[in-house]
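Sending over a structure as structure tokens; questions will come in a sec.
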Amino acid sequence: MNIIKTDVVVVGGGIVGAAIACGLSLGGIQTVLVEGRAPQREWEEGLADLRVSALTQASKNILENLSCWQGIEKRSVTPYREMKIWDCAANGALHFDGADVGGDILGHIVENRVTVASLWDALEQNESATIICPARVTALDNGKERARLVLDDGRVVEAELVVAADGRESMVRTMAGISVNGWEYDHSGLVATVRPEKPHNEICYQRFLADGGILAFLPINDGTCSIVWSTERGHAKELLALDEGAFLKALTEASDGLLGEIKEVGDRAAFPLRLQYASHYSKGRVVLAGDAAHALHPLAGQGANQGLLDSGSLIELLLEAHKEGRPLASQHALRRYERWRKSDNYMMMGAMDGLKKVYGVSFPPFEQLRSLGMNFIDKTLPVKNQFSRYAMGEHHDMPLLSKGGLAGI
Ligand SMILES: Cc1cc2nc3c(=O)[nH]c(=O)nc-3n(C[C@H](O)[C@H](O)[C@H](O)COP(=O)(O)OP(=O)(O)OC[C@H]3O[C@@H](n4cnc5c(N)ncnc54)[C@H](O)[C@@H]3O)c2cc1C
């Protein structure tokens, strides 16, 4: 039997898993990354990919400290300077500007495939990292002495610690016996890349629609926009089934012509939205990160950002343990990680869920009140700037990687 022995095995090479594998191996921990599907590393020029993320300054710092931001810049990245949000049921509006909080920009829009390809490039440069791909994990023995993973090609990986970064449907989480709680939203998130008539001027737009839907336009540097249209599941299905002309007309109407007529659309896809959180972040030798630990509503685009903060925190605690010669799967490190990240992730999930509910109410007096609140925040600079800083990723207890480099650990 082919047995691969290592310190840590990370399952899932998406943004979160690849970032963790990068950070641990940079710090000298022998790390194996197992990924079921080879990510796209090259592509022809054309419309941006369907999956993009609005990354905060904190996420940028983490990626920079993992030596992968340069690769992102080489491929494609769009800074956004402002964010305009409004409630079309009444006249509430909010306008965030990087300049108000002493910066030039609020964050960056990056295609997920760009982030993953750049992280994999960085990983391949690292002698302490081994990538096994394509291979899926099919069985887990969460043993007392070591954890053992069986892969679908017959290989076995033995490690001190297993990091489950295998997404929302995490099989490793299920095999470890960690339960999840949460609920389905009646919405799907429809994503597409579109070309509007007017320039986006590097502004993100978010419109709370009268039917309870939420429509976001994220700017891409070739003049296109990536959209996330969160809408009732049946409506999302209808929108996917429309021919291109009818879809462009529906989108132009829903956006109230804010960027003029929408002229072109690429592929469309819709993801059912769900709030989900794991009851525990670790069990035995298994620890969860990213969507495997928490999935939230994408209305403020924070899923990948929260996952990168998980990555930064876990890397920091494991490198600390490694430096002090403590076991990597010690309860000391894993419980600290859980306490650290659970509260921040709960707060973000609660905020997103609360916003989704508040904007789902269509009762005119409540809509008026909601808009008054929005306009009040917009005019009260200290409160508004607090929101800006939080949206830019400045939480109260940030991992070192989101500020300084690995040298600080
Ligand atoms: C419509 C929509 C819009 C969004 N917009 C934003 C945004 O603007 N900003 C933001 O921050 N977030 C956004 N998010 C959320 C964000 O995309 C996710 O939170 C993030 O991609 C999760 O990353 P991850 O690495 O945890 O999981 P994933 O990206 O799901 O990666 C998991 C990986 O594990 C692999 N895998 C799974 N099972 C196995 C197995 N058994 N063996 C081996 N490999 C396995 C998979 O192939 C995959 O590569 C959005 C989400 C949605 C649905």
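Across region 221-332, what fraction of all alpha-carbon pairs, as a whole percent, falls in each successive 10 Å bin from zero upward?
Percent of pairs per bin, in order: 11, 30, 23, 17, 12, 7, 0.
Using the beta-carbon distance between Asn375 and Ser330 and R0 = 35 Å, what value does 1/(1 + (r/R0)^6) give for FRET efficiency, to the nearest 0.05?
0.10
Also, I was wondering about something else. Among Lys84/Lys198; Lys283/Lys342; Lys144/Lys283; Lys144/Lys323, which pairs are too far apart, with a Cα-Cα distance over 18 Å?
Listed pairs above 18 Å: Lys144/Lys323.
Report the convex hull volume per residue for region 39-141, counting only C-alpha atoms, in Å³. Provide the component values of the computation, followed by the final result.
Numbers: hull volume 20.6 nm³, N = 103.
Considering the Cα atoms of region 39-141, their hull volume per residue is 200 Å³.
Give me, ordered by chain and number, the residues 5 or more places off Ala192 or on other chains with an amide H under 5 Å from its own placed amide H.
The list, which skips near neighbours in sequence, is Ile227.
Also, quick follow-up: Helix 244-254 sits at what angle to the longest principal axis of the chain, using alpha carbons and giving 0 to 90 degrees rounded to 10?
The two axes meet at around 70 degrees.
Just flag the GluC sites (Glu not before Pro) in region 1-88 sitting in loop per DSSP whose Cβ has no more than 11 other Cβ atoms within 10 Å. Could the numbers behind the result be given before it?
Working: sites: Glu35, Glu42, Glu44, Glu45, Glu64, Glu73, Glu82; in loops: Glu35, Glu42, Glu44, Glu45.
Of the GluC sites (Glu not before Pro), the ones in loops of region 1-88 whose Cβ has at most 11 other Cβ atoms within 10 Å are Glu42, Glu44, Glu45.
Describe numerically, in nm with one decimal, the distance between label points set 7 Å from Cα along Cα→Cβ at Asn221 and at Ala139.
Roughly 4.8 nm, to one decimal.
So the label point goes 7 Å from the Cα of Glu197 along Cα→C-beta, right? Which residues of region 255-269 then have their backbone N under 17 Å from it?
Zone members listed by number: 255-265.
In vacuo Debye scattering of region 198-276, one point per C-alpha: log10 I(q)/I(0) at q = 0.18, 0.19, 0.24 Å⁻¹?
Once normalised to I(0) and log-transformed, intensities are -0.76, -0.85, -1.35.
Kindly express, to the nearest 10 degrees and within the range 0 to 90, the angle between helix 303-323's C-alpha long axis and the longest C-alpha principal axis of the chain.
20
To make sure I understand, if each residue's beta carbon is the centre and we count other beta carbons within 10 Å, what order do His294, His332 fall in, fewest to most? Intermediate results must be reported in sequence, preceding the final value.
Working: His294 27, His332 13.
Least to most surrounded, the residues fall as His332, His294.
Now a separate question. Taking a cut-off of 19 Å between Cα atoms, list the aspartates and glutamates near Lys379, but don't count ones fewer than 8 places away on the same chain.
Those aspartates and glutamates meeting the cut-off are Glu82, Asp87, Asp97, Asp100, Glu367.
Right, another one. Contour minus end-to-end for Met347 and Glu320, with contour as 0.36 nm per residue of separation and end-to-end as the Cα-Cα distance?
Numbers: separation 27, 0.36 × 27 = 9.72 nm, distance 2.63 nm.
Gain on stretching Met347 to Glu320: 7.1 nm.
Tell me the Kirkwood radius of the chain: reciprocal of the mean inverse pair distance over distinct alpha-carbon atoms, in Å.
In the chain this quantity evaluates to 22.0 Å.
Just rank Cys22, Cys204, fewest to most, by other beta-carbon atoms within 10 angstrom.
Least to most surrounded, the residues fall as Cys204, Cys22.
Can you sort Asp166, Asp211 by how many other beta carbons sit within 10 Å, fewest first?
The order, fewest Cβ neighbours first, is Asp211, Asp166.
In degrees from 0 to 90, rounded to the nearest 10, what is the angle of the helix 331-358 Cα long axis to the longest principal axis of the chain?
That helix lies at roughly 10 degrees to the long axis.
Run the quick spin-label model on Leu242 and Lys263: label points 7 Å from Cα toward the beta carbon, then report their separation in nm to one decimal.
About 1.9 nm separates the two model spin labels.
Then there is this: If you average the sequence gap of Cα pairs under 8 Å that are 6 or more apart and divide by the length of region 210-307, what percent do you get for the contact order?
Value for region 210-307: 17 percent.
Shape of region 81-125 from its Cα gyration tensor (a ≥ b ≥ c, root eigenvalues): rounded if a/c is under 1.5, otherwise prolate when a/b > b/c, or oblate?
Working: a/c = 7.12, a/b = 2.21, b/c = 3.23.
It is oblate, given that a/c is not under 1.5 and a/b is not larger than b/c.
Rule-based calculations on the coordinates, nothing more; no lab input. Model, not experiment: these values are computed from the prediction. Using ideal geometry, Cβ is built from the backbone for each residue, glycine included, and neighbour counts are taken over all protein chains shown.
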